[in-house]
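Undergrad: This is the structure I have questions about; it appears just below.
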Amino acid sequence: MANVLNRLQAAAGAARTGVAVAQNLSGMFAGNGLGGGITGAQWVRQLRRASYGGVPFGVLGSQIVVGRRNVVHEYPYKDRVWVEDMGRAARRIQITGFLVENGAYGGGPVIQQRDQLIGICESAGAKTLVHPTLGTLNVSLMGTSFDERWDQARMFEVTFTFIEAGDRVFPTLLPDTGDGVRTACSLADAACGADFAGAVASALGAGASVVSMASSTAATWGSRAQALADDATNLMHMVGTLEGAYGRYFGGRTRGVGQTAATTIA
């Protein structure tokens, strides 16, 4: 008896769900609340069939959170703050969907659909989300919950929280043209300095050889003059040693040249 009662309650829940969906579809096709001249049929045709990771599901509603990445800076004794804009914030998408037994969007046993979707949600990496109005997005899943209630019979309600994911971009190496120009200028300065130093060294080398030759010539003449002076002194010494009047005469002369001994004249 209890089993029969449970089946009747499940059937009643499924019937209420079907009636609610039919009423919603009827309102959409009638164009209630759409405005802007678009009919309910046109609205439904432009919606995309929702899916995540290739697994389809129905959508009851969604919420999109957008904004900017603003950083608030507060300073002492300042009544106002400085808000630094760091760019667009990542979009966060919350979707409330459902899985139903043999649904028109997916089909198959609802438990099998749920298990397949759980496998997709627990797998690693970003995946493709098809949103009814946003289209195809590359998203990362932040969390998922599955609700099961006895009054909804063979339908699971699913809640997703996604965040928009971007491509991983690595920095690229580009030539630094300014640094290349500075390097070329440094090399040019070094080359000019080397050329100038080489020219000066060559000129100084040539001048040094001339100065060396002149110095050598002067030294030669100086040595010759010294030799002549030495010869004259030796000659006077030699005459001073002679006997007789020659020696007495030149003896006094030679003392001025370097003789210290006194000569006695007889």
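The values are calculated or read from the model by the stated rules, or taken from the named source; none is laboratory data. These numbers were taken from a predicted model, which means no experiment stands behind them. Cβ atoms come from the backbone with ideal geometry, glycine included; neighbour counts cover every protein chain shown. The protein model used for the area step is the full one, side chains on, heavy atoms only, and it has no ligands, DNA or RNA in it. Shrake-Rupley method; radii C 1.70, N 1.55, O 1.52, S 1.80 Å.
Undergrad: Scan the stretch 53-62 for residues that are open to solvent by less than 100 Å² (accessible area, probe 1.4 Å) and part of a strand (DSSP E or B) and jot them down.
TA: Matches in the stretch 53-62: V55, P56, G58, V59, G61, S62.
Undergrad: Just to be sure before I move on: is V158 free of Cβ contacts under 8 Å to residues at least 40 places away in the same chain and among the β-branched types (V, I, T) in the structure I sent?
TA: no
Undergrad: Now for a different question. All but one of (1) open to solvent by less than 60 Å² (accessible area, probe 1.4 Å); (2) modelled with pLDDT of 55 or more; (3) among the small types (G, A, S); (4) outside any strand (DSSP E or B) hold for G27; which doesn't?
TA: Of everything listed in (1) open to solvent by less than 60 Å² (accessible area, probe 1.4 Å); (2) modelled with pLDDT of 55 or more; (3) among the small types (G, A, S); (4) outside any strand (DSSP E or B), G27 misses just condition (2).
Undergrad: If you don't mind, there's one more thing I want to ask. With D147, D151 as the choices, which residue is of a type in the set (D, E), surrounded by 12 or more Cβ atoms within 10 Å (Cβ to Cβ) and in contact with a Gly (Cβ under 8 Å, 6 or more places away or on another chain)?
TA: D151
Undergrad: Does I163 meet the test of being β-branched (V, I, T), open to solvent by less than 40 Å² (accessible area, probe 1.4 Å) and either farther than 30 Å from W43 by Cα or modelled with pLDDT of 90 or more (or both)?
TA: yes
Undergrad: I'd like to know if the stretch 239-262 contains one or more residues that are touching a helix residue (DSSP H, G or I) at 6+ places or on another chain (Cβ under 7 Å), modelled with pLDDT of 60 or more and open to solvent by less than 100 Å² (accessible area, probe 1.4 Å). Spell out the reasoning first.
TA: Just the residues of the stretch 239-262 that are touching a helix residue (DSSP H, G or I) at 6+ places or on another chain (Cβ under 7 Å), to begin with: 239-241, 246-247, 250-251, 253-254, 257.
In the following step, the residues that additionally are modelled with pLDDT of 60 or more were identified as 241.
Now narrow it down to the ones that are open to solvent by less than 100 Å² (accessible area, probe 1.4 Å): none.
No, every residue in the stretch 239-262 fails to be touching a helix residue (DSSP H, G or I) at 6+ places or on another chain (Cβ under 7 Å), modelled with pLDDT of 60 or more and open to solvent by less than 100 Å² (accessible area, probe 1.4 Å).
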